[in-house]
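What follows is a set of notes on a single structure, which appears directly below.
The values are calculated or read from the model by the stated rules, or taken from the named source; none is laboratory data. Everything quoted here is computed from the prediction, not taken from an experiment. Backbone-built Cβ (ideal geometry, glycine too); neighbour counts: all protein chains shown. Surface areas here come from the heavy atoms of the whole protein model, side chains and all, with no ligands, DNA or RNA. Shrake-Rupley method; radii C 1.70, N 1.55, O 1.52, S 1.80 Å.
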Amino acid sequence: MRVLVTGGAGYIGSVVAGQLVAAGHDVTVLDDLSTGFADAVPPGATFVKGTLRDCAAEVLADDIEAVLHFAAKSLVGESVANPAKYWSNNLGGTISLLEAMREIGVRTIVFSSTAAVYGEPERTPILETDPTRPTSPYGASKIAVDTTLTEFCRLHGFGAVSLRYFNVAGASQSADGRWLGERHHPETHLIPNVLAATDGRPVQIFGDDYPTPDGTCVRDYIHVTDLADAHLRALGAARPGEHRVYNLGNGAGFSVREVIEVCREVTGIDIAAEVGPRRAGDPAVLVASSAKIQSELGWRASRDLRAMAADAWRFTQARSPR
């Protein structure tokens, strides 16, 4: 299958693109490199530098049969400070992509969504049928895309799958031996920030008085390779006229202190941590139920927290000056 991966030079998109190539698909990556890296595009994929608005129609016209859509802005704090940027990029860019798909006749899309669409949940684990009440423009832009996809499926016969997940972690080794991992600027994710603290700077714990077993927030984590597997399964599950939505999670969640301790074990370094005040809007527990995708597509998270931390550490070491 000829597949377009938008945002395929980013962390998750590059790993998915690599798995698509390994599975025998003909892959084109479209990325403007505003947050991605050209050296993350997997060997065997065609790379086009450009935006959805400027290049999607031209790229799709090259006999593309399906789209995996990762191109988006994804910093919650930035979305609060500059909401127009998120509406323009995440929703506006996606509408440009969908219109180009409609005109050219490409009807299959897998969308990289987020569990941020749920906001502060009423219960955990969160189900796909639970209310969507995003607390940031980032989350709101993602649920707006989901609504748009539903309409394109209903009105234009698209087959769409949205995957909602929380924290993705770990790294993946590409076919040429390179490690692909998180290179965000700024980095907001816990595991790479903990691993960065191996230089002696303490990692920050935002509150240790939550109603959880060790007082720190509990979050869902899945390995980026497991996430990529879910995208490939979703690609095969898209059906004309249907918009399927799946949560992805490990089913239990890990606390901040658990993550720090596993990173200490993996690195062999006694990473320092210091407790500060809570951050506004941080729920105590965020865990997604992935029972639906397990039942319908046979997917489940197979790699544990230690594997995530170990692979992320391998990526960190591979990039460190010798």
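For beta carbons closer than 6 Å, sequence separation of 6+ or different chains, a first residue in the range 261-282 that is without any contact (Cβ under 8 Å) to a residue 12 or more places away in the chain and a second that is part of a loop (DSSP other than H, G, I, E, B) and open to solvent by less than 70 Å² (accessible area, probe 1.4 Å), the qualifying pairs are ARG264/ILE271. When you check TYR138 against the structure, is it buried (at least 18 other Cβ atoms within 10 Å of the Cβ), of a type outside the set (D, E, K, R), touching a Phe, Trp or Tyr at 6+ places or on another chain (Cβ under 6 Å) and over 30 Å from ASP62 (Cβ atoms), yes or no? Yes: the conditions hold for TYR138.
With GLY170, GLY177, GLY181 as the choices, which residue is more than 17 Å from the chain's Cα centre (by Cα), within 30 Å of ARG2 (Cβ to Cβ) and open to solvent by less than 50 Å² (accessible area, probe 1.4 Å)? Explain how you work it out, then say what you get.
Details: GLY170 fails: more than 17 Å from the chain's Cα centre (by Cα); GLY181 fails: more than 17 Å from the chain's Cα centre (by Cα).
The unique qualifying residue is GLY177.
Against the test of being crowded, with 19+ Cβ neighbours inside 10 Å, farther than 20 Å from GLY13 by Cβ and touching a strand residue (DSSP E or B) at 6+ places or on another chain (Cβ under 9 Å), the options VAL285, VAL275, VAL259 yield a single qualifying residue, VAL259.
Entry remark, the range 208-226: residues being closer than 16 Å to GLY253 by Cβ and either under 12 Å from the mean Cα position of the chain (by Cα) or touching a residue at least 60 places away in the same chain (Cβ under 8 Å) (or both) number 11 in total. If you go through the range 112-135 and pick out every residue that is open to solvent by less than 10 Å² (accessible area, probe 1.4 Å), touching a helix residue (DSSP H, G or I) at 6+ places or on another chain (Cβ under 6 Å) and assigned to a helix (DSSP H, G or I), you end up with 1. Within the bounds of the range 253-271, is there any residue that is of a type outside the set (S, T, N, Q) and closer than 16 Å to TYR165 by Cα? Yes, the range 253-271 has at least one match. Being outside any helix (DSSP H, G or I), in contact (Cβ under 8 Å) with a residue 24 or more places away in the chain and acidic (Asp, Glu) is a description that applies to GLU182. In the range 199-228, the residue that is most open to solvent (accessible area, probe 1.4 Å) out of those that are closer than 14 Å to PHE315 by Cα and of a type in the set (Val, Ile, Thr) is THR225.
Any residue at all in the range 128-147 that's among the aliphatic types (A, V, I, L, M) and farther than 21 Å from ALA71 by Cα?
No: the range 128-147 contains no residue that is among the aliphatic types (A, V, I, L, M) and farther than 21 Å from ALA71 by Cα.
Of the residues ALA284, ALA288, which is under 19 Å from PRO121 (Cα atoms), within 19 Å of the chain's Cα centre (by Cα) and small (Gly, Ala, Ser)? When all the criteria are applied, what remains is ALA288. Consider the range 56-111 and keep the residues that are open to solvent by 40 Å² or more (accessible area, probe 1.4 Å) and within 18 Å of TYR165 (Cβ to Cβ). The one that is farthest from the chain's Cα centre (by Cα) is VAL76.
Looking only at residues in the range 13-35 that are closer than 23 Å to ARG319 by Cβ and in contact with a helix residue (DSSP H, G or I) (Cβ under 7 Å, 6 or more places away or on another chain), the one that is most open to solvent (accessible area, probe 1.4 Å) is GLN19.
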